[in-house]
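A.B. asks: Next up is a structure, given as structure tokens.
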């Protein structure tokens, strides 16, 4: 019953190799150009990744001093990878970060101030520049924007005014239009708000409506309390109106995640981002109209800030990293992101180079929405908590929770977190 | 396990009257090999089970955050008191709960707490973390329903497919299919089916000739948790069917023949032959379903995110939300720790009960 000794040794050796393998590291060679590591979240998006790669290759070919080496992660695991790498002291030199996360990572000292000249950053849409306490830590090639998708024929048929960017719908107009579409139209719901979305979509898409009412996620003058902002009279008004949308069955409280209600005619309107435009144009062609967000009291508002690039504080080649970023901000790359991935170019110069976003382009409205209505999510390290708390509160309100009490509880939760973190440096 | 058995067998095979150098050398070599064989498993278990458990224990007593420039501080039992504190608040005439719970209101024992439930007009029960209590209630409700239903249904299916019929393998495969499908995929599909215009509502509508009022299964606090239960049982039942089936096939056919000879009815055959023969399987099935039901997470994360109105949140989901989404890893660890103690208690009780029976 004995097996040869050799087999046993092999087994032991194999397991030892396995263990050693877990700890193996790759070290860049010491000679030649200096290596700059770059991480991106775009592994799941071939077009976006191809664009990043093209910039990296062009940069590497353009000079001899530095060599940028990229590593791509799937978006779902990206933030965890960065957090893990930071804990292990192994952050790359250059990385991309979702806009609302930038202040959090800046506060945690993952990121170094960007140090790009004002003349460069001023050309960018304000929502593509990531700040924490008035210092710029990140800059993005693009932004995203939401608007109301509708059909001219449907609106005309019901005698509803088609709003323009200068005269958007007021709260009364918007509400009346929804009621009319629901009652007279042959739709299951007047509007598809995208309530089936999860995670960041809720704060991204719906907190601007709260802001349009005059409320906010946190008191931005102090950044230390949500009292009065998230539970003040304006916020309560938002909550009651929001809840009534579902109680009056104007909108579906649990919409499908794939956002097809508007495309297959089950909803008359849709509150959706620019990424939905291609399908909508294909389906409705000239009948499609992209309407500005409604003015619910203090002007139309939409969420701003998408993925942005930053340099880490542990980066040893700060100069090289900065040179790479400056190289990457060339309008032709910004335009390429836009053409390939469908995002809103961050500068006017780049917009002029794109098919859809140049003056007169079919998606041009989104640039104007972004420029005029974008509100960045509160630039505070508390944002991950605020985001989660707001999402949960808004969902509870959607499902019938008492508005004022629920908002009070959300405020308490945010305030407790801010207090227990020494006000996050504010 | 296998290695221990083999070592023991080797030493038994060794005649005791020859305990010379050769034998002890071989034994030492054997134990070296055993060590080598177990090493990968031991290392992985240490890394991914033992270390996290110890870490959770330590982190639970700190204010550690996932992302923070400040080092974690030891905070004693603060996390646990926030998690477990429940207070009854008697409101004086005309006073609002908010006058007591708001930060800086001068009532430190109530500050930051929220209403868990209302007893009557002027008595409310406050908790530091009401969602935790709701999660706990949901988790145990899930276990309470899923364990008997999934176990029983699994046994029923196992007996159905344990017959010698042509094409029975097809049924076995069909019932087992959900098990090998990814839970995320299953959850997404069921989410579609549960929609107001989804498959289930339209099927009920057709069956009742349009008399059925479409229900938004996952959107209604009353139906969301049962909907999750049904879907979880459907997904998991095939696995336990196979386990039961394995148990059924260990029962010698001669016992059934003997029972038939004695004129036993079908029920008597089940009661006095099948059931006692399945005892060891029963323990395994009970323990695995209980653990799976208590640790329910994926369905919630994909289908409801704990909503509507906390109707489907579970303890594991809550811990992940607090620990990762909100980055309060110390607090998340405290939740896991409390949960660990609860699950341990349940398992110990289960073990005690099943052991007594056996």
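A.B. asks: Of the numbered conditions (1) over 20 Å from residue B:62 (Cα atoms); (2) free of Cβ contacts under 8 Å to residues at least 40 places away in the same chain; (3) touching a helix residue (DSSP H, G or I) at 6+ places or on another chain (Cβ under 6 Å), residue B:354 satisfies every one except a single condition; which is it?
C.D. replies: Of everything listed in (1) over 20 Å from residue B:62 (Cα atoms); (2) free of Cβ contacts under 8 Å to residues at least 40 places away in the same chain; (3) touching a helix residue (DSSP H, G or I) at 6+ places or on another chain (Cβ under 6 Å), residue B:354 misses just condition (2).
A.B. asks: With B:139, B:208, B:118, B:123 as the choices, which residue is under 28 Å from residue A:249 (Cα atoms) and either surrounded by fewer than 19 Cβ atoms within 10 Å (Cβ to Cβ) or in contact (Cβ under 8 Å) with a residue 12 or more places away in the chain (or both)?
C.D. replies: Values: B:139 fails: under 28 Å from residue A:249 (Cα atoms); B:118 fails: under 28 Å from residue A:249 (Cα atoms); B:123 fails: under 28 Å from residue A:249 (Cα atoms).
Testing whether each residue is under 28 Å from residue A:249 (Cα atoms) and either surrounded by fewer than 19 Cβ atoms within 10 Å (Cβ to Cβ) or in contact (Cβ under 8 Å) with a residue 12 or more places away in the chain (or both) leaves just B:208.
A.B. asks: Picking from B:251, B:300, which residue would you name as being modelled with pLDDT of 90 or more and within 14 Å of chain A (Cβ to nearest Cβ)? Before you say what the answer is, go through the steps one by one.
C.D. replies: Working: B:251 fails: within 14 Å of chain A (Cβ to nearest Cβ).
On inspection, the qualifying residue turns out to be B:300.
A.B. asks: Suppose the filter is farther than 22 Å from residue A:266 by Cβ and within 17 Å of the chain's Cα centre (by Cα); does residue B:170 pass it? Break it down into steps so the answer makes sense when it comes.
C.D. replies: Numbers: farther than 22 Å from residue A:266 by Cβ: yes; within 17 Å of the chain's Cα centre (by Cα): no.
So residue B:170 does not fit the description; no.
A.B. asks: Return the only residue of B:45, B:66, B:59, B:55 being touching a helix residue (DSSP H, G or I) at 6+ places or on another chain (Cβ under 9 Å) and surrounded by fewer than 14 Cβ atoms within 10 Å (Cβ to Cβ).
C.D. replies: When all the criteria are applied, what remains is B:55.
A.B. asks: Quickly run through region A:76-105 and pick out the residues that are in contact with a strand residue (DSSP E or B) (Cβ under 7 Å, 6 or more places away or on another chain) and either free of Cβ contacts under 8 Å to residues at least 24 places away in the same chain or over 16 Å from residue A:385 (Cα atoms) (or both).
C.D. replies: Within region A:76-105, A:82, A:91, A:92, A:93, A:94, A:95, A:96, A:97 qualify.
A.B. asks: Output yes when any residue across region B:167-182 is surrounded by 14 or more Cβ atoms within 10 Å (Cβ to Cβ) and within 14 Å of chain A (Cβ to nearest Cβ), and no when none is.
C.D. replies: The answer is no, given that none of the residues of region B:167-182 is surrounded by 14 or more Cβ atoms within 10 Å (Cβ to Cβ) and within 14 Å of chain A (Cβ to nearest Cβ).
A.B. asks: Still on this structure: Being in a helix (DSSP H, G or I), at pLDDT 90 or above, in contact with a helix residue (DSSP H, G or I) (Cβ under 9 Å, 6 or more places away or on another chain) and buried (at least 16 other Cβ atoms within 10 Å of the Cβ) narrows it down to one residue among A:52, A:68; which is it?
C.D. replies: Criteria check complete, one pass: A:52.
A.B. asks: May I ask you to list the residues in region B:105-135 that are facing chain A (nearest Cβ under 9 Å) and farther than 20 Å from residue A:402 by Cβ?
C.D. replies: If the condition is that a residue be facing chain A (nearest Cβ under 9 Å) and farther than 20 Å from residue A:402 by Cβ, then B:111 is the only one that fits.
A.B. asks: Limited to region A:231-285, what total is found for residues that are touching a helix residue (DSSP H, G or I) at 6+ places or on another chain (Cβ under 8 Å), in contact (Cβ under 8 Å) with a residue 60 or more places away in the chain and within 20 Å of residue A:156 (Cα to Cα)?
C.D. replies: 6
A.B. asks: Is it the case that residue A:292 is in contact (Cβ under 8 Å) with a residue 24 or more places away in the chain and in the same structural domain as residue A:52 (by TED's automatic domain parsing)?
C.D. replies: Considered against the rule, which asks whether it is in contact (Cβ under 8 Å) with a residue 24 or more places away in the chain and in the same structural domain as residue A:52 (by TED's automatic domain parsing), residue A:292 comes out as no.
A.B. asks: Something else: State all residues of region B:26-48 that are more than 10 Å from chain A (Cβ to nearest Cβ) and at pLDDT 90 or above; if no residue qualifies, say none.
C.D. replies: Hits for region B:26-48 are B:45, B:46, B:48.
A.B. asks: Filter region B:79-100 down to the residues that are closer than 21 Å to residue B:322 by Cα and either in contact with a helix residue (DSSP H, G or I) (Cβ under 8 Å, 6 or more places away or on another chain) or crowded, with 19+ Cβ neighbours inside 10 Å (or both), then identify the one that is nearest to the other protein chains (Cβ to nearest Cβ).
C.D. replies: Quick first cut of region B:79-100, residues closer than 21 Å to residue B:322 by Cα only: B:79-86.
After this cut, where a residue has to be either in contact with a helix residue (DSSP H, G or I) (Cβ under 8 Å, 6 or more places away or on another chain) or crowded, with 19+ Cβ neighbours inside 10 Å (or both) as well, the list is B:79-80, B:82-84, B:86.
Numbers: B:79: 11, B:80: 15, B:82: 9, B:83: 13, B:84: 16, B:86: 16 Å.
Among those residues, the one meeting the criterion is B:82.
A.B. asks: Could you name every one of the helices (runs of 4 or more DSSP H) located completely within region B:197-294 that has at least 2 residues being closer than 19 Å to residue B:141 by Cα?
C.D. replies: Because the criterion is at least 2 residues that are closer than 19 Å to residue B:141 by Cα, the helices (runs of 4 or more DSSP H) in region B:197-294 that meet it are B:221-249, B:279-294.
A.B. asks: Among the candidates B:309, B:344, B:353, B:294, single out the residue that is away from chain A (no Cβ under 14 Å), surrounded by fewer than 24 Cβ atoms within 10 Å (Cβ to Cβ) and over 15 Å from the mean Cα position of the chain (by Cα).
C.D. replies: B:353
A.B. asks: Can you pull out every residue in region A:402-418 that is in contact (Cβ under 8 Å) with a residue 60 or more places away in the chain and facing chain B (nearest Cβ under 7 Å)?
C.D. replies: Residues satisfying the conditions are A:408, A:415.
A.B. asks: Moving on. Conditions first: (1) within 9 Å of chain B (Cβ to nearest Cβ); (2) in a loop (DSSP other than H, G, I, E, B). Residue A:354 passes all but one, so which condition is the exception?
C.D. replies: Of the numbered conditions (1) within 9 Å of chain B (Cβ to nearest Cβ); (2) in a loop (DSSP other than H, G, I, E, B), the odd one out for residue A:354 is (1).
A.B. asks: Go through the residues of region A:371-392 one by one and say whether even a single one is modelled with pLDDT under 90, at positive phi and within 11 Å of chain B (Cβ to nearest Cβ).
C.D. replies: no
A.B. asks: So, restricting to strands (runs of 3 or more DSSP E) that lie completely within region A:104-162, which ones have at least 2 residues that are touching a helix residue (DSSP H, G or I) at 6+ places or on another chain (Cβ under 6 Å), outside the structural domain of residue A:178 (by TED's automatic domain parsing) and more than 29 Å from residue A:287 (Cβ to Cβ)?
C.D. replies: Result: A:129-132, A:135-139.
A.B. asks: Go through region A:246-275 and give me each residue that's outside any loop (DSSP other than H, G, I, E, B) and either in the same structural domain as residue A:366 (by TED's automatic domain parsing) or crowded, with 21+ Cβ neighbours inside 10 Å (or both).
C.D. replies: A:251, A:267, A:268, A:269, A:270, A:271, A:272, A:273, A:274
A.B. asks: Quickly run through region A:201-243 and pick out the residues that are buried (at least 18 other Cβ atoms within 10 Å of the Cβ), within 18 Å of residue A:127 (Cβ to Cβ) and within 18 Å of the chain's Cα centre (by Cα).
C.D. replies: Across region A:201-243, the qualifying residues are A:203, A:204, A:205, A:206, A:207, A:208, A:209, A:210, A:211, A:216, A:217.
The values are calculated or read from the model by the stated rules, or taken from the named source; none is laboratory data. Every value quoted in this text rests on a predicted model; they were computed, and no experiment measured them. Positions of Cβ are backbone-derived with ideal geometry, glycine not excepted, and every protein chain shown enters the neighbour counts.
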